[in-house]
Amino acid sequence: MTDNRGRVIDIAQPARRVIALAPHITENLFAIGAGEYISGVVSHSDYPAEAQSIPVVGDSQSFNLEAIIAMKPDLVVAWAGGNPALPLQRLEQLGIPVYYSDPKVFTDIPYNLRALGQLLQRPEAEAQAQLFEQRLASLKQRFSHTTKLRVFYQLWHQPLMTVNHSQMIDRVIRLCGGENPFTGHREVIPHLGVESVLLTDPQVILTGESAPDDWKQPWLAWPELAASRYNQFYRLNEDLLYRPTLRLLEGAQQMCEALQQAREAVES
């Protein structure tokens with residue numbers, strides 16, 4: 001199989017001792033019925049619940065190379081956008097196959113499911129990949145022709161941060177009929193001043209459930225802001241939106257419904 005870095009991974013037998021070096025990888029392996037073959041995970045690999053009983057080999061940024069080698073894995077599934085390169089190169093030098101998973105667009109998710117399904121010989125992977133594609137098509141059909149809304153996604157409040165076009169959240173915003181005014185920003189995670197947001201006059205402001213309960217109060221202090229005039233502020237489940245897994249479309253559904261509610265408020 002070809003991974004997300006364009007490298008061909010060729011193993012003689014189906015993988016049965018797998019190390020998953022990101023929470024989304026663990027979740028996707030369980031989704032294709034391969035949870036029993038995961039020997040080690042990184043911290044925050046908390047879904048499904050069964051994943052919490054698997055030995056932890058560190059976190060995504062710093063994992064215990066010796067512990068991984070001692071587990072004698074026949075496949076390491078790494079996060080190309082988040083894991084450090086040198087330890088992974090060391091694993092490859094030792095002859096351990098490394099598949100790099102780094103979904104950037106919607107189609108990468110079913111691709112990864114199918115690729116992992118091939119490497120582990122899990123026939124369930126195809127059905128799960130098709131399910132994702134069908135749900136995605138349904139959301140596109142429902143929301144692709146709706147009135148566009150200016151949407152600010154508040155990734156964090158202190159400092160004020162959002163996302164550009166390279167993040168999956170941006171793609172979900174567009175899927176739901178929203179426009180991210182910072183999609184073209186050069187920084188992946190732009191750090192902003194309040195004035196920058198006010199200039200774009202978003203009609204809706206979104207954030208994650210981990211935001212403080214009073215997160216919208218600073219925005220309500222600006223009554224001329226469209227989101228404040230229409231009182232359109234929503235907190236969403238960030239686990240669903242931040243992890244490129246089957247559950248991403250649950251997060252997308254939540255966002256699309258919030259934006260539809262906002263759309264009706266703005267148009268009334």
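The values are calculated or read from the model by the stated rules, or taken from the named source; none is laboratory data. Treat the numbers as computed from the prediction; the structure is a model and nothing was measured. Every residue, glycine among them, receives a Cβ derived from its backbone with ideal geometry; neighbour counts consider all protein chains shown. For the accessible areas, the whole protein counts, side chains as well, though only heavy atoms, and no ligand, DNA or RNA atoms are used. Shrake-Rupley method; radii C 1.70, N 1.55, O 1.52, S 1.80 Å.
Quick notes on this structure:
- Filter result (closer than 17 Å to V56 by Cβ and surrounded by fewer than 21 Cβ atoms within 10 Å (Cβ to Cβ)) within segment 68-78: I69, A70, M71
- Hits in segment 118-139 (condition: over 18 Å from the mean Cα position of the chain (by Cα) and farther than 18 Å from R7 by Cβ): Q121, R122, P123, E124, A125, E126, A127, Q130, Q134, A137, S138
- Where strands (runs of 3 or more DSSP E) fall entirely within segment 147-250, those with at least 2 residues that are surrounded by 15 or more Cβ atoms within 10 Å (Cβ to Cβ) and touching a Ser or Thr at 6+ places or on another chain (Cβ under 6 Å) are at 149-154.
- Close pairs (6 angstrom Cβ cut-off, 6 or more residues apart or separate chains): within 13 Å of D170 (Cβ to Cβ) in segment 232-257, small (G, A, S) and open to solvent by less than 20 Å² (accessible area, probe 1.4 Å) anywhere: L241/G251
- Of the numbered criteria (1) in a helix (DSSP H, G or I); (2) in contact (Cβ under 8 Å) with a residue 60 or more places away in the chain; (3) open to solvent by less than 70 Å² (accessible area, probe 1.4 Å), the one Q118 fails is (3).
- Qualifying residues in segment 121-146 (those that are assigned to a loop (DSSP other than H, G, I, E, B) and open to solvent by 80 Å² or more (accessible area, probe 1.4 Å)) - the one farthest from L175 (Cα to Cα): Q121
- Top-ranked residue of segment 1-19 - restricted to ones that are of a type in the set (S, T, N, Q) and in contact with a helix residue (DSSP H, G or I) (Cβ under 8 Å, 6 or more places away or on another chain), ranked as surrounded by the fewest Cβ atoms within 10 Å (Cβ to Cβ): T2
- When segment 62-110 is filtered for residues that are more than 16 Å from L29 (Cα to Cα) and assigned to a strand (DSSP E or B), only F63 remains.
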